[in-house]
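The values are calculated or read from the model by the stated rules, or taken from the named source; none is laboratory data. These numbers come from a predicted model, not from an experiment. Every residue, glycine as well, gets a Cβ built from its backbone with ideal geometry; the counts of neighbours run over all protein chains shown. Quick note on the areas: whole protein, heavy atoms, side chains included, nothing else; ligands and nucleic acids left out. Shrake-Rupley method; radii C 1.70, N 1.55, O 1.52, S 1.80 Å.
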Amino acid sequence: MRIGVDLGGTNIAVGLVDEEGRIVARGSRPTKPERGYEAIAKDIADIALELIKRSNLSVSDIKSMGIGVPGVADSEKGIVIRAVNLFWIKIPLAKEMRKYIDLPIYMDNDANVAALAEAVYGAGKGSKSSVIITLGTGVGSGFILDGKIYNGAHHFAPELGHIVIGDNGIRCNCGKIGCLETYASATALIREGKKAAEKNPDTLILKFANGDINSITAKNVIDAAKQYDEQAMRIFNDYVKYLAIGIVNVINMFDPEVIILGGGVANAGDFLIKPLKKEVAENILFKELPYADIRKAELGNDAGIIGAAILS
Ligand SMILES: [Zn+2]
């Protein structure tokens, strides 16, 4: 048994994970980052100890605790280098945790951790190399090689959301213009959906949002595209085109065995993956060689806890 912690800006989710990657007990509490890291560390330990007790186990039955953090972490030193949403800079999280629970503590970026879970137990099971790209509010990513997270020499790789795709004039949260995130996040679909609804109030996108332009979601745009709404189809086709450019870049860099798509937009399933594969095939460098299979993530939100638990 191992403990996996999915530490988010809003919620702390903790799970007891067995050797087959199943979550056998779980608990959560609100993060409330304003209270500082000491209180958060104590909460993580409290939940973990409660789960161990509830499962009739003791700490000695647990191999390790892994924590997925919303930022950059140095697992060897046990330090969270930076976590913007938690207002953390150089936080000695492992040391703080061990005041309450005597276990080896590992940590890594939350997207890397989710990538590890998918590579070992999810859509990438059995593969030697995989890249996950999460299409959510932002675009997250992780690279797994031989069952291990590759996070670079300075612990922040990969940041595929911030590879520059083109000059779309949209400024990313990172300050640059034209990052993959500004093309391929759920936020990008919402932004384009709103623009289209302003110009063409008869679009189904607006109808699906009950006529309220401010409540347009990425799903509204996708659902309208499925109904052959002209505006939504144009937005979605562009979305696929630019995501494919990003994926071809990733293939050119890493040539992974599998590319896994996670996050809310990936829930579109084959409606996204079929045209995406076609677009990638048209733009791939070596057309005569095999290349990465593109698949939908399988573990959903549980990937955070499961991946953290198997950190080592
Ligand atoms: Zn960026």
Out of all the residues in segment 80-101, is one or more open to solvent by 20 Å² or more (accessible area, probe 1.4 Å), at negative phi and in contact with a Leu (Cβ under 7 Å, 6 or more places away or on another chain)? no
For segment 185-199, name all the residues that are among the acidic types (Asp, Glu) and exposed (fewer than 14 other Cβ atoms within 10 Å of the Cβ). Glu198
When you go through (1) assigned to a strand (DSSP E or B); (2) surrounded by 17 or more Cβ atoms within 10 Å (Cβ to Cβ); (3) β-branched (Val, Ile, Thr) one by one for Val24, which number turns out not to apply? (2)
Exactly one condition in (1) in the same structural domain as Leu272 (by TED's automatic domain parsing); (2) open to solvent by 10 Å² or more (accessible area, probe 1.4 Å) is false for Ile132; which is it? (2)
Which of the residues spanning segment 166-184 are buried (at least 19 other Cβ atoms within 10 Å of the Cβ) and either more than 10 Å from the ligand (Cβ to nearest atom) or outside any loop (DSSP other than H, G, I, E, B) (or both)? Cys179, Leu180, Glu181, Thr182, Tyr183, Ala184
Only residues in segment 143-163 that are open to solvent by less than 80 Å² (accessible area, probe 1.4 Å) count as the first member; pair them with residues that are within 15 Å of the ligand (Cβ to nearest atom) and of a type in the set (Ser, Thr, Tyr), Cβ under 7 angstrom, at least 6 apart or cross-chain, and list the lot. Pro158/Ser141; Leu160/Ser141; Gly161/Ser141
